[in-house]
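What follows is one structure encoded as structure tokens, with my remarks underneath.
The values are calculated or read from the model by the stated rules, or taken from the named source; none is laboratory data. Small disclaimer: the values here were computed from a predicted structure and weren't measured. Heads up, the Cβs are rebuilt from the backbone with ideal geometry, glycines too, and the neighbour counts pull from every protein chain shown. Remember, those area values only see protein heavy atoms, side chains included, never the ligands or the DNA or RNA. Shrake-Rupley method; radii C 1.70, N 1.55, O 1.52, S 1.80 Å.
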Amino acid sequence: MTMTPEQASWFQGTFTRLVENIDKAVQGKHEVVSLVLASMLAEGHVLLEDAPGTGKTSLAKALAATVQGTSSRIQFTPDLLPSDVTGVTIYDQQSHKFEFHKGPIFASIVLADEINRASPKTQSALLEVMEESKVTIDGVTHEAGRPFLVIATQNPVEQAGTYKLPEAQLDRFLIKTSIGYPDLAVTESILAGAAERNPSSHLTAIITTGAVADMADLAATVHVEPAVLRYVAELAEATREDAGVRLGVSVRGAIAMIRLAKVWAAARGRHYVLPDDIKALVAPAWQHRLMLDPEAEFSGVTADVVISRVLERVAAPQARAAA
């Protein structure tokens, strides 16, 4: 079953209302909010690399309030244990049974703050739940539910005492982006409402979590032409062949691109994906998946440079709209 034009129009209207509602708490960041919301509807996760105080927590809370979901915040530190994230099984002496006490990972929106400050062992506790939306403790599987979005943050300035995320974990994030500082006019508007410590507390829910799951299922039915699929495959292969890259985009990364592009197309009222959708998403979806050659990196080559070269090298198809 493929999404109909009528369903695409409804999806666009709902997506727009969700973004506008979140914009009330996170002002002046329409594009970033759209990317994060699209990632949630594509059932992926987000890595934000930002300086402190740019609104990352506000974004997570506003998103949870908009979809009538729950939110939690995990402050990653060197002494954080995996059980502090996923939860722990405790023996109840009264019932003589083991009971599972859920950790903060069991929420609709989870803010994993400064994820690179925790040990690799604790970071790995997120691998299963981010990939499969479930946690296995003592052989028992616990579902995380839908929607489920991890927004992990990294401070790009202070790297002392941090643990770099391994490639296998970076590959679990659907996109990597940054909120950045607002412009002067938006900053002035934010300062005018500085007395309100939690702007998201006054947001009204637009839809329920069940409706979010329905939107995710609907987005998955967006049509993708074989020519567009081949275009994504050729772009991924081109990243692996680039002279400045040691490790290019994986098959998981290519699949992530298609999932995200389907949501992006539906959010624009289309029931089919265009090559332009791929071009618009290739940087946030793939820049964190590239491992650059040290010599090339020393010469000034960045992930954005590689992506630009790949887009120039691979010709985009003239994809026709779905019937």
From TYR163, TYR181, residue being surrounded by 13 or more Cβ atoms within 10 Å (Cβ to Cβ), touching a Pro at 6+ places or on another chain (Cβ under 8 Å) and not in a helix (DSSP H, G or I): TYR163
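Quick one: which residue in ALA238, ALA227, ALA296, ALA256 is within 30 Å of ALA65 (Cα to Cα) and part of a helix (DSSP H, G or I)? Please lay out each step first, then the result.
Working: ALA238 fails: within 30 Å of ALA65 (Cα to Cα); ALA227 fails: within 30 Å of ALA65 (Cα to Cα); ALA296 fails: within 30 Å of ALA65 (Cα to Cα).
Exactly one residue qualifies, and that residue is ALA256.
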Is it the case that some residue within the stretch 48-61 is at pLDDT 90 or above, farther than 23 Å from SER124 by Cβ, over 17 Å from the mean Cα position of the chain (by Cα) and part of a loop (DSSP other than H, G, I, E, B)? no
So LEU174 passes all but one of these: (1) crowded, with 21+ Cβ neighbours inside 10 Å; (2) modelled with pLDDT of 90 or more; (3) under 30 Å from ILE90 (Cα atoms); (4) out of contact with any Asp or Glu (no Cβ under 7 Å at 6 or more places or on another chain). Which condition number does it fail? (3)
So which of ALA213, ALA144, ALA185 is farther than 24 Å from GLN287 by Cβ, of a type in the set (Gly, Ala, Ser) and over 22 Å from the mean Cα position of the chain (by Cα)? ALA185
Does any residue of the stretch 19-38 turn out to be touching a Phe, Trp or Tyr at 6+ places or on another chain (Cβ under 6 Å) and open to solvent by less than 20 Å² (accessible area, probe 1.4 Å)? yes
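When you scan the stretch 299-318, how many residues do you find that are part of a helix (DSSP H, G or I) and either closer than 12 Å to MET257 by Cβ or in contact (Cβ under 8 Å) with a residue 12 or more places away in the chain (or both)?
Filtering the stretch 299-318 down to residues part of a helix (DSSP H, G or I) leaves 303-313.
Now restrict to residues that are either closer than 12 Å to MET257 by Cβ or in contact (Cβ under 8 Å) with a residue 12 or more places away in the chain (or both): 303-307, 309-311, 313.
Here the count works out to 9.
Is it true that LEU274 is crowded, with 20+ Cβ neighbours inside 10 Å, closer than 24 Å to THR4 by Cβ and free of Cβ contacts under 8 Å to residues at least 60 places away in the same chain? Full working, then the answer.
Details: crowded, with 20+ Cβ neighbours inside 10 Å: yes; closer than 24 Å to THR4 by Cβ: yes; free of Cβ contacts under 8 Å to residues at least 60 places away in the same chain: yes.
Criteria met by LEU274.
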Select from the stretch 57-103 the residues that are without any contact (Cβ under 8 Å) to a residue 40 or more places away in the chain and within 21 Å of ALA38 (Cα to Cα) and write down the one among them that is most open to solvent (accessible area, probe 1.4 Å). THR70
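I'm trying to understand the selection: among the residues of the stretch 255-268, which are hydrophobic (A, V, I, L, M, F, W, C) and open to solvent by 20 Å² or more (accessible area, probe 1.4 Å)? Full working, then the answer.
Quick first cut of the stretch 255-268, residues hydrophobic (A, V, I, L, M, F, W, C) only: 255-258, 260-261, 263-267.
Correct list: ILE255, ILE258.
Looking at THR141, THR122, can you tell me which residue is farther than 18 Å from HIS288 by Cα and either touching a helix residue (DSSP H, G or I) at 6+ places or on another chain (Cβ under 8 Å) or part of a helix (DSSP H, G or I) (or both)? First the steps, then the outcome.
On the way: THR141 fails: either touching a helix residue (DSSP H, G or I) at 6+ places or on another chain (Cβ under 8 Å) or part of a helix (DSSP H, G or I) (or both).
Going through THR141, THR122 in turn, the sole match is THR122.
Condition test on LEU47, is it over 17 Å from MET130 (Cβ atoms) and open to solvent by less than 10 Å² (accessible area, probe 1.4 Å)?
no
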Across the stretch 1-14, the tally of residues that are open to solvent by 10 Å² or more (accessible area, probe 1.4 Å) and assigned to a helix (DSSP H, G or I) stands at 7
Can you tell me which residues in the stretch 216-251 are in contact with a helix residue (DSSP H, G or I) (Cβ under 7 Å, 6 or more places away or on another chain), open to solvent by 40 Å² or more (accessible area, probe 1.4 Å) and not aliphatic (A, V, I, L, M)? none
Could you figure out which of (1) closer than 14 Å to LEU290 by Cα; (2) out of contact with any strand residue (DSSP E or B) (no Cβ under 9 Å at 6 or more places or on another chain); (3) basic (Lys, Arg) isn't true of ARG230? (1)
Mind listing whichever residues of the stretch 121-151 are surrounded by 13 or more Cβ atoms within 10 Å (Cβ to Cβ) and either in contact with a Phe, Trp or Tyr (Cβ under 7 Å, 6 or more places away or on another chain) or over 27 Å from GLN68 (Cα atoms) (or both)? THR122, GLN123, SER124, SER133, ILE137, HIS142, ALA144
Could you figure out which of (1) farther than 30 Å from ARG17 by Cα; (2) open to solvent by less than 50 Å² (accessible area, probe 1.4 Å); (3) in contact with a strand residue (DSSP E or B) (Cβ under 7 Å, 6 or more places away or on another chain) isn't true of HIS288? (1)
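Would you mind finding the one in ALA205, ALA195 that is at pLDDT 90 or above, over 22 Å from VAL310 (Cβ atoms) and not in a helix (DSSP H, G or I)? Break it down stepwise before answering.
Details: ALA195 fails: at pLDDT 90 or above.
Being at pLDDT 90 or above, over 22 Å from VAL310 (Cβ atoms) and not in a helix (DSSP H, G or I) holds for just one of ALA205, ALA195, which is ALA205.
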